[in-house]
């Protein structure tokens, strides 16, 4: 058996980064001539056979299910350590996200294993897995190999995309694990509350960001409408936050937040480096600016040279129409 | 009616605001033996020399208490705010570290060849042979003053000096007409000066002697000069230098200076200055453009002129295939001998660039600063032994009997003649140099840069930043290591409603893009396509970009120290 | 209650970093700082002490690093720690994440803390993990990304941000808590505290002093190997549309977004 992953769930749904990890594991396991499996941990009835078996769609051939407190990392470490030791898994792969990080880390200690974090890609080479991780503000990529087994791979947030492999149901196996003493010392009182701030910029998948090119504070209404249509949140540059057009909580950049959403749509933003370092890892960057020489066009995936006052409203309409 | 910066004075009264009695109750005050303000070559040389002398006199050292020597530095640490060319004369290092072989100095060694070029335009370069005397650098060490500062800081700490980084000295403490220490700056104020949740007030640092080694545009130095009337009749003048350090594939084998292009040398523009290109070892090159701040055209941007310089074939060849790894900006005092203030007041001395100890025609200042620091240490040591630090004239006498005095006297009129334009000025300067300063003699007055009138010239041909050989200001500020928080209070005193020509001058002058003319204002200032230079503009200011070069102080504003730790974090400049 | 705060000296975030081509590791010879996230941990310890609900006997700053790491300890002490411990040993150089956690756990064991606090991440690459690694070696419960923490006798009530929003978790001490930067606003040290830092006790410990087994740490104990450092994959140059007919432009944008499954 080759690759073991952890699938976090909540109220009957698997977390997207976990599904991504399972998908990646499934594909990679095939490439090194092995199989991928997943571990799920919980106490409720929502961890039905059906739900667990559905991980087969993403490439898991087996799912180990254990009864233990949900939403906490250390019980999962106990479960995964046992499964890896009993079944001889060579790799443990985690999707990005806090529990992924915590479980992967705890497992590293438990097994005295090698670990690579912030992994953006994994490749198969001579029957082994090589993890790739960026360093120095993404200006270089390091290839990392493991000494001994198992090797632990912790992905960067959103690094692995869920992809259905066309596999059938996974085999669901219940495992009985004696939790370590310290794994019982934390108790979940209230899980998964959304915060006082309506939306967390750092977790949003789609961001519509506004800069000085908006011309005035009211320009942010255009951004909010488009964000609403796309199902995303609104962000801002330092210059407009300084000018009082938008709150500091939305500021992206060297002295603000760092984000890596699936889509970053920058309206009226020149793309100065102080801003760029806060969003350069976004998967897709779309820029709208009336200045064809704006630096942002040098690193955007799609650039539109034009008047955002004309483009944003029309784009909002078209997006709403497309989404139906 | 012309616009001159001096007509728009900043809202500040340095003597009143920055000199005063101690504030803290006695038990809260911090007592040290000697406090040195500024972790540059002058301050650090002073600290090290003092530590050397105190080691020979343990009883005196003990009498100074737990902290005999404390040095406060407003940057993250010594070196963070240091920037220079530089070609350093070795005499001061030899004096401070007599046993240390030059190969162990934190410098890039000497360079055997030098060359000077007159650039008539963006294509040609006319070599001036033989090398005019001010530009000969035989035996001088190529030095990154930021690296030198770090190294000297380590030596000082090893010798027992308390180095307090991220600490700005904002006020001179005075009691009965004698300086008794400095007050450190507050931390944790918001944009409008309000106290944030983690507000920490500064402290009164009491000392028996205070050394002001703040460098160019010294904050407390300016206040002290006004309070004690130490200023010379001739006002100080400044040059603005913007420099970059490049990693290059082909080693440079000579020290190069250039003159003229891209600066405009006619009296109408009065853009005095030139560039330097120094090899830093085998794989790096330090280059910069230095321009007198008594220029007139609001369109001049020294940063962009440096980018333009790099398009000249002479320079382009040197940096080809290379990568920019550092950038910074700083002013240099150029008033020289006549503009030097009195160097002491009761309980206090001034050393280094803060006292204008720079020889601009030869671009030398580091070793003078260090010599002055050493003199200050020696004079203070004697005064401490006598238990009387009110009279520190011995320091001024040492400076007067030294090469600092001799060299700056010799070039005393050289910089001023260039207000007559490059060629006439150049001819006169040559005469001065050849005659050892004797001819044409006399006293050529310096003038306050802010009294020079401003006009808006034609648009210049600055290259568009391509991120490879030419760079915009914001990415340069980023490279300087500046990550100052956005809600820091504004540390720049300035009139914010000024005529367009002055606003544009500030915008283009500032290498860090602190001052901006909002688009709407620029649009509104256009009548029939032409800009109305007298139209009043509301400036937009981003103080967190500031790299504290000091240019604004020379041209109508006043830089005060921001929160300790703010600003650039120079590594290789 | 005895609190140990783990601190780390890291390269300054604003200064450009370079790889050392010889060791294939981060060139750490440049400007360094106390990891900003650790200042939040120290502040959290101070707030527990000043909060008065729990008696805090000692706050000890602990670091593992080369000789120069003492600066991080001085800074930690100027911010309020009572004393510090510096674990430094040549054999520890090149330790990977697991070995580092093991070494830190050993030095912490020698202090027997009731609470271990640390910043959840640092600017030099290690994110969200060292706390969990240390906790497993110490066999203590642990939480990461904690942004609110209330101490009571024998336990802590924490709020932390995980995948599904904010969780409220009660955790028994002794425990290891990694804090996020939203937890508090660290104080600035007073000048007196900065100057007094040199005089607070600083114990230097070697690997053998705390019982670290040599083969579990250092370069040879490392369980990962860097095969190579490469430039990132060439990003395809972006497409540029000059907007003339906005209706058309917008259509192109929508299909572009659709192709990339961004309109789901």
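For segment C:2-216, the share of DSSP beta bridges that are antiparallel, to the nearest 5, is 45%. Modelled spin labels at residue C:16 and residue B:198, positioned 7 Å past Cα toward Cβ, are 2.9 nm from each other.
Taking every DSSP beta bridge that has both residues in segment A:201-323, what percent is antiparallel when rounded to the nearest 5?
0 percent
Gain on full extension, evaluated as 0.36 nm per residue between residue C:256 and residue C:181 minus their Cα-Cα distance, stands at 23.3 nm. Extension gain, residue B:17 to residue B:530, is 180.5 nm, computed as 0.36 nm per intervening residue step minus the present C-alpha separation. Taking a ≥ b ≥ c as the square roots of the Cα gyration tensor eigenvalues, with a/c under 1.5 meaning rounded and otherwise prolate when a/b beats b/c, else oblate, which class fits segment C:2-216? It is rounded, given that a/c, with a ≥ b ≥ c, falls under 1.5. From its DSSP helices (H runs of at least four residues, each -39,500 (n - 2.57)), chain A gives a residue-normalised ellipticity at 222 nm of -8000 deg cm²/dmol. Given R₀ = 56 Å, FRET efficiency for residue A:224-residue B:268 by Cβ-Cβ distance, to 0.05? Computed FRET efficiency for residue A:224 and residue B:268 comes out at 0.60. Simple spin-label estimate for residue A:50 and residue B:250 gives 7.5 nm between the two label positions (7 Å along the Cα-to-Cβ direction from each Cα). When only alpha carbons are used to place a centre, segment B:474-509 and segment B:183-240 end up 19 Å from one another.
Mean per-residue shielding of peptide A:127-140 is 3, counting Cβ atoms of other chains within 10 Å of each Cβ.
Starting from the Cα of residue C:230, move 7 Å in the Cα-to-Cβ direction to define the label point; list residues of segment A:105-131 whose amide nitrogen is under 15 Å from there. Under cut-off, by backbone N: A:120-126, A:129-131.
Can you give the mean number of other chain Cβ atoms that lie within 10 Å of the Cβ atoms in peptide A:252-262?
2
A crude spin-label estimate for the pair residue A:11 and residue A:257, with each label 7 Å from Cα along the Cβ direction, gives 2.1 nm.
The Cα atoms of segment A:201-323 give a gyration tensor whose axes a ≥ b ≥ c have a/c under 1.5, which makes the shape rounded. Counting only other chain Cβ atoms within 10 Å of each residue's Cβ, the peptide A:292-303 averages 4. Peptides B:357-368, B:209-220 ranked from most to least packed by the mean count of surrounding Cβ atoms within 10 Å: B:209-220, B:357-368. Take each peptide in A:241-250, B:283-292, count the other Cβ atoms within 10 Å of every residue, and average; sorted highest first, the result is B:283-292, A:241-250. Legend: ranking of residues C:255, B:266 from fewest to most surrounding C-beta atoms inside 10 Å; resulting order B:266, C:255. Ranking of B:228, A:101 by neighbouring Cβ atoms within 10 Å, starting from the fewest: B:228, A:101.
Computed per residue of chain B from DSSP H runs no shorter than four, each worth -39500 (n - 2.57), the mean residue ellipticity at 222 nm is -7500 deg cm²/dmol. Taking A:75, A:134, A:295 in turn, the Gaussian network model of chain A (Cα-Cα springs below 10 Å) assigns the largest fluctuation to A:295. Remark: the residue C:206-residue C:220 segment gains 3.2 nm on full extension, using 0.36 nm per residue and subtracting the alpha carbon distance. Looking at the square roots a ≥ b ≥ c of the eigenvalues of the Cα gyration tensor of segment B:177-241, which shape do they give, rounded for a/c under 1.5, prolate if a/b is larger than b/c, or oblate? Oblate, because a/c is 1.5 or more while a/b does not exceed b/c. Residues of segment B:114-129 with the amide nitrogen closer than 12 Å to a label point 7 Å from the Cα of residue B:136, along Cα-to-Cβ, please. Answer for segment B:114-129: B:114.
If neighbour count is taken as other Cβ atoms inside 10 Å, put B:102, A:205 in order from fewest to most.
Going from sparsest to densest Cβ surroundings: B:102, A:205.
Between A:21, A:37, A:113, the Gaussian network model of chain A with springs among Cα atoms under 10 angstrom shows the greatest mean-square fluctuation at A:113. Got a sec? Which residues in segment B:384-405 would a label at residue B:57 touch, if it sits 7 Å along Cα→Cβ and we count backbone N under 16 Å? Answer for this model: B:384-395.
Suppose R0 equals 41 Å. What FRET efficiency, 1/(1 + (r/R0)^6) with r the Cβ-Cβ distance, do residue C:245 and residue A:243 give to the nearest 0.05? Efficiency, rounded to the nearest 0.05: 0.80. Taking springs between alpha-carbon atoms closer than 10 angstrom, which of C:133, C:107, C:250 fluctuates most in the Gaussian network model of chain C? Comparing C:133, C:107, C:250 in a Gaussian network model of chain C, the most mobile one is C:250. Would you work out the relative contact order for segment A:201-323, in percent, from Cα pairs under 8 angstrom that are 6 or more residues apart? Result for segment A:201-323 is 25 percent. Sorting the segments C:226-236, B:512-522, A:154-164 by their residues' average number of neighbouring beta-carbon atoms within 10 angstrom, most packed first, yields A:154-164, B:512-522, C:226-236.
Tell me, what is the FRET efficiency for residue C:47 and residue B:176 to the nearest 0.05, using R0 = 56 angstrom and their Cβ-Cβ distance as r?
Result of the calculation: an efficiency of 0.80.
Most simply put, chain B has about 70% antiparallel DSSP beta bridges, counting only bridges with both residues inside it.
Each reported figure results from applying straightforward, stated rules to the coordinates on display, with no laboratory input. As the structure is a prediction and not an experimental result, all values here were calculated from the model. With ideal geometry, Cβ positions are generated from the backbone for all residues, glycine too; neighbour counts draw on all protein chains shown.
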